[in-house]
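Heads up, the thing below is written out as structure tokens.
The values are calculated or read from the model by the stated rules, or taken from the named source; none is laboratory data. Every value quoted in this text rests on a predicted model; they were computed, and no experiment measured them. Positions of Cβ are generated from backbone atoms using ideal geometry, with glycine treated the same way; all protein chains shown enter the neighbour counts.
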Amino acid sequence: INEVMDEALGIWQNALGLEQPLDIQLVITDLGGTQLGEGQITAVDEQGRPIAGIVTLDDDAAGLGWYSDISTTAFGGSELAGGVAHTADANSDAVGRYDLLTVLLHEIGHVAGFTQTYAPFESHVEVGVGGTLSFVGSGFEATLTEDGLHLDETVHAGDIMNATLDPGVRKLPSVLDALILQTAHETAANGNFEIQVGVNAPLMANLPITEQMAANMTDPAIVTQATLEPSLIEVSNSLSELNEVVLPQLNLALNHLNLKVSGLNQSELDLTVLEDLSEELVSDLRQNGVAIVGSGETNTVMESDLDRTNLDLLGFNEQIEAGFDDVFSDWTGPIL
């Protein structure tokens, strides 16, 4: 997973001409339904350009599993062009699985500022005939989806920033993607914007419909089973400059904890894993009614809801590990 993340960060760094790669915190959880991932900005520099964010991935790629090989062997073996949907060879392991590199590239694109919720990006969005949204830059124009978060795939087919992805497909950033983000970054540096953080931009899976699936679609309701609790991994740490503006993390922490832990009261969450964070964040959490449970203390909700004999305090037990995709088997991050 770290190899794939480093590759994705390097691709965007080269495409955008960044001095340092973005600082990404990776979260793995069961997103449910057909969502593959989501990305959000958490920090910007003194000129308002994104420098850090959170990328969340579904643990099993909407049930189909992840393809994590960063080589191009499964996609023809040659150098791949950006802005094109490259389909996996029929006999490769990538067939029927979602390409991890592609999903990471997509979500890092959102962290880099490709979202209407990033004010410098939004300042270039214009409404056309019929309510169509377009990103308008100097000498170019790109058609966006209705929510302003992605490129319209009917106009920009094969782009990494389309809203959905097919299994067995790899995409890389296009010249248009880089141009849009560079324009937004230049606008941020030359203007005065209030930057909104913590807003998710999702990527959805285009699941293939089999005969068995069609037979089971009599009830269209989607049932989400929250059987796993989220893990956090620090992938890179480039936030070392004193003049960088790191925005408050309290809402982000509560957002992930509350949305991903089904049925638990916010004030009763076991946040032992947050004890290593800054005293300022811990203080903020306590002031907002969230208990920080010290080592050796017992959380009554967790004790009543979980069979402690099934917990492996050094990591996931075999039962929990079985729910994660194999590509995540070497994780060492803390458990929430």
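Just to check your reading of the model, which residue among L26, L16, L9 is more than 16 Å from the chain's Cα centre (by Cα) and either under 17 Å from H110 (Cβ atoms) or of a type in the set (A, V, I, L, M, F, W, C) (or both)? Residue meeting the stated conditions: L16. Screening I70 against (1) of a type outside the set (D, E, K, R); (2) in contact with an Asp or Glu (Cβ under 9 Å, 6 or more places away or on another chain); (3) buried (at least 20 other Cβ atoms within 10 Å of the Cβ) leaves a single unmet condition, (3).
Mind checking which residues of the stretch 73-95 are assigned to a loop (DSSP other than H, G, I, E, B), crowded, with 18+ Cβ neighbours inside 10 Å and in contact with a Ser or Thr (Cβ under 8 Å, 6 or more places away or on another chain)? Result: G82, G83. Looking across Q40, Q25, Q47, one residue alone is within 21 Å of Q116 (Cβ to Cβ) and buried (at least 16 other Cβ atoms within 10 Å of the Cβ). It is Q40. Among the residues making up the stretch 16-39, those that are farther than 25 Å from R97 by Cβ and either in contact (Cβ under 8 Å) with a residue 40 or more places away in the chain or among the basic types (K, R) (or both) are L16, G17, Q20, P21, L22, D23. Whenever a residue of the stretch 163-190 is within 25 Å of Y67 (Cα to Cα) and β-branched (V, I, T), its partners that are at pLDDT 95 or above and in a helix (DSSP H, G or I), lying with C-beta atoms within less than 8 angstrom and at least six residues away or across chains, give the pairs V169/T102. For the structure I just gave you, tell me whether L133 is closer than 26 Å to V4 by Cβ and of a type in the set (A, V, I, L, M, F, W, C). So L133 fails the test. For residues that are of a type in the set (D, E, K, R) and under 19 Å from N2 (Cα atoms), scanning just the stretch 48-96, find the one that is farthest from the chain's Cα centre (by Cα). Filtering first and then ranking leaves D69. Of the residues in the stretch 96-128, how many are among the hydroxyl-bearing types (S, T, Y) and surrounded by fewer than 18 Cβ atoms within 10 Å (Cβ to Cβ)? Total satisfying the criteria: 1. Residue check: is L149 assigned to a loop (DSSP other than H, G, I, E, B) and at pLDDT below 95? Spelling it out, L149 is indeed assigned to a loop (DSSP other than H, G, I, E, B) and at pLDDT below 95.
Are any of the residues in the stretch 126-146 within 21 Å of V44 (Cβ to Cβ) and either part of a loop (DSSP other than H, G, I, E, B) or not aromatic (F, W, Y) (or both)? Scanning the stretch 126-146, I find at least one residue that is within 21 Å of V44 (Cβ to Cβ) and either part of a loop (DSSP other than H, G, I, E, B) or not aromatic (F, W, Y) (or both), so the answer is yes.
Taking the condition under 21 Å from N14 (Cα atoms), within 22 Å of the chain's Cα centre (by Cα), in a loop (DSSP other than H, G, I, E, B) and polar (S, T, N, Q), does T102 pass? So T102 fails the test. Is one or more of the residues making up the stretch 171-188 on the phi < 0 side of the Ramachandran plot, touching a Leu at 6+ places or on another chain (Cβ under 6 Å) and at pLDDT below 95? Checked the stretch 171-188: no residue is on the phi < 0 side of the Ramachandran plot, touching a Leu at 6+ places or on another chain (Cβ under 6 Å) and at pLDDT below 95. Could you grab me the full set of residues in the stretch 20-35 that are within 21 Å of L165 (Cβ to Cβ) and out of contact with any Leu (no Cβ under 9 Å at 6 or more places or on another chain)? Answer for the stretch 20-35, where residues must be within 21 Å of L165 (Cβ to Cβ) and out of contact with any Leu (no Cβ under 9 Å at 6 or more places or on another chain): G32, G33. Residues that are outside any loop (DSSP other than H, G, I, E, B) and of a type in the set (V, I, T) were ranked within the stretch 154-182; the one that is surrounded by the fewest Cβ atoms within 10 Å (Cβ to Cβ) is V175.
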